[in-house]
Amino acid sequence: MSEPQYTVTTENHRQAMKAVWDKVCTGIAAGAVVVTLGRETRTPDQNSKLWPMLRDISQQCEWYSAKYNEEDWKDLFTAVLKGQRTAPGLEGGIVAFGVRTRRLSKGNFSNLIEYMYAFGSERNVQWSEPSLKAYEQYREAHGH
């Protein structure tokens with residue numbers, strides 16, 4: 001089960017902080033509760049757009065004569081955003097150090113989606129209905 005998460009804005013800060021306080025008060029009976037503050041990362045809406053696009057690309061594209069699954073394509077695209085570093089593996093191969101999508105800001109996640117769409121379009125990917133619908137909703141919501 002995932003940990004509860006609350007997004008606090010100037011409009012909802014009182015209600016959100018009350019919900020946090022209530023959770024802390026309920027949970028503290030079982031032991032110390034850790035509250036972590038951070039900035040908002042990708043949204044569930046952005047995440048739902050990512051996977052149909054990755055599915056389409058994984059089914060229709062090759063990279064250096066190899067087929068990759070959705071997770072592998074996600075790693076390839078994510079590496080573009082931050083200039084991912086690599087190193088020789090301890091027992092051969094290559095190890096890539098990089099950015100995880102769960103840590104991307106909303107802006108960087110938007111850039112990822114745009115890059116994936118451009119990549120697939122340049123390679124004549126036939127976008128599935130879920131991908132097209134998600135991308136159109138994304139563009140409308142973000143003024144692209």
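Of all the C-alpha pairs in the stretch 91-144, what % are more than 19 Å from each other? In whole percent, the share of Cα-Cα pairs in the stretch 91-144 beyond 19 Å is 43. Semi-axis lengths, largest first, of the ellipsoid equivalent to the stretch 43-106 are 22, 17, 8 Å, with √(5λ) applied to each eigenvalue of the Cα gyration tensor. Other residues within the sphere of radius under 14 Å centred on the Cβ of LEU76, judged by their own Cβ, net out at 0 (K and R +1, D and E -1). Springs between Cα atoms under 10 Å define the GNM used for the chain, and in it the highest mean-square fluctuation of ARG102, ARG123, ARG14 occurs at ARG14.
Per the helix-only calculation at 222 nm, which mean residue ellipticity applies to the chain, given -39500 (n - 2.57) for every DSSP H run of n ≥ 4 and division by its residues, nearest 500 deg cm²/dmol? Can you show the working numbers first?
Working: 5 runs with 75 residues, N = 144.
Helix contribution divided over all residues of the chain: -17000 deg cm²/dmol.
Label zone (LEU81, point 7 Å along Cα-to-C-beta; backbone nitrogen cut-off 15 Å) within the stretch 8-24: none.
Which loop-located GluC sites (Glu not before Pro) does the stretch 1-75 contain, where loop means any DSSP state but H, G, I, E or B and the Cβ has at most 14 other Cβ atoms within 10 Å?
On the way: sites: GLU11, GLU40, GLU62, GLU70, GLU71; in loops: GLU11, GLU40, GLU62.
Hits after loop and neighbour filter: GLU11, GLU40, GLU62.
Computed over the stretch 12-144, the P(r) curve from all C-alpha pair distances, binned at 10 Å from the origin, holds 10, 32, 26, 19, 11, 2 percent per bin. Taking every protein chain into account, the 1.4 Å probe leaves LYS23 with about 110 Å² of accessible area, to the nearest ten.
Taken about its Cα centre, the stretch 1-93 carries a charge dipole of roughly 340 debye when the Cβ of each Lys and Arg holds +1 and the Cβ of each Asp and Glu holds -1.
Computed as a quarter of the hull surface, the mean projected area of the alpha carbon convex hull for the stretch 1-87 stands at 9.4 nm². The mean sequence distance of close C-alpha pairs (under 8 Å, at least 6 residues apart), as a share of the length of the chain, puts its relative contact order at 27 percent. Toward the positive end of the charge dipole of the stretch 27-87, with +1 on the Cβ of Lys and Arg and -1 on the Cβ of Asp and Glu, the farthest Cα among GLN46, TRP73, SER58 is that of GLN46. Under a Cβ-Cβ cut-off of 14 Å, what is the net charge of the residues other than MET17 that fall near it, where Lys and Arg count +1 and Asp and Glu count -1? Taking every other residue near MET17 into account, the sum is +1.
The values are calculated or read from the model by the stated rules, or taken from the named source; none is laboratory data. Because the structure is predicted, anything quoted here is derived from the model rather than measured. Ideal geometry is used to build each Cβ from the backbone, glycine not excepted, and the neighbour counts take in all protein chains shown. Side chains are part of the model used for accessible areas, which takes the heavy atoms of the whole protein and leaves out ligands, DNA and RNA. Shrake-Rupley method; radii C 1.70, N 1.55, O 1.52, S 1.80 Å.
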